[in-house]
1. Report, by residue number, each residue of the range 1-22 that is closer than 11 Å to R60 by Cα and touching a Leu at 6+ places or on another chain (Cβ under 8 Å).
2. Quickly run through the range 1-13 and pick out the residues that are open to solvent by 40 Å² or more (accessible area, probe 1.4 Å), in contact (Cβ under 8 Å) with a residue 24 or more places away in the chain and among the aliphatic types (A, V, I, L, M).
3. Give the number of residues within the range 1-19 that are at pLDDT 95 or above and among the small types (G, A, S).
4. Looking only at the range 19-56, count every residue that is on the phi > 0 side of the Ramachandran plot and under 12 Å from the mean Cα position of the chain (by Cα) and tell me the total.
Amino acid sequence: MIEDLARIVLTVAMTDYGLRGGDIGAVVMVHMRGAGHTVEFLTLGGDAVAVLTLPASHVRPMRANEIAHARELAHFP
């Protein structure tokens, strides 16, 4: 089960927020024993992009054999 403060990987695009599948976020709250999660997505500079409550099917735990990838947000203020 994904726990509070865990890093997660978004599994779907959230185009309204400029997020893509594969983006990394941090869980700030677990809902209904893991059925959903409130996740914060930040830029590498520490600016908040979005805080979203998502169903468990939209996130997954990070894996030890993965590598992070940086990309520029197209429409970030």
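The values are calculated or read from the model by the stated rules, or taken from the named source; none is laboratory data. Predicted model only: the values in this text are computed from it and were never measured. For neighbour counting, all protein chains shown are included, and Cβ atoms are generated from backbone atoms with ideal geometry for every residue, glycine included. The area values use the complete protein model at the heavy-atom level, side chains included, leaving out ligands, DNA and RNA. Shrake-Rupley method; radii C 1.70, N 1.55, O 1.52, S 1.80 Å.
1. L10, G21, G22
2. Pass one, the range 1-13, residues open to solvent by 40 Å² or more (accessible area, probe 1.4 Å): 1, 3-5, 7, 11-13.
Now drop any that are not in contact (Cβ under 8 Å) with a residue 24 or more places away in the chain, which leaves 1, 3-4, 7, 11-12.
Within the range 1-13, M1, V12 qualify.
3. 2
4. The initial filter retains those residues of the range 19-56 that are on the phi > 0 side of the Ramachandran plot, namely 22, 32-34, 46.
Then keep just the ones that are under 12 Å from the mean Cα position of the chain (by Cα); that gives 22.
Looking only at that region, the number is 1.
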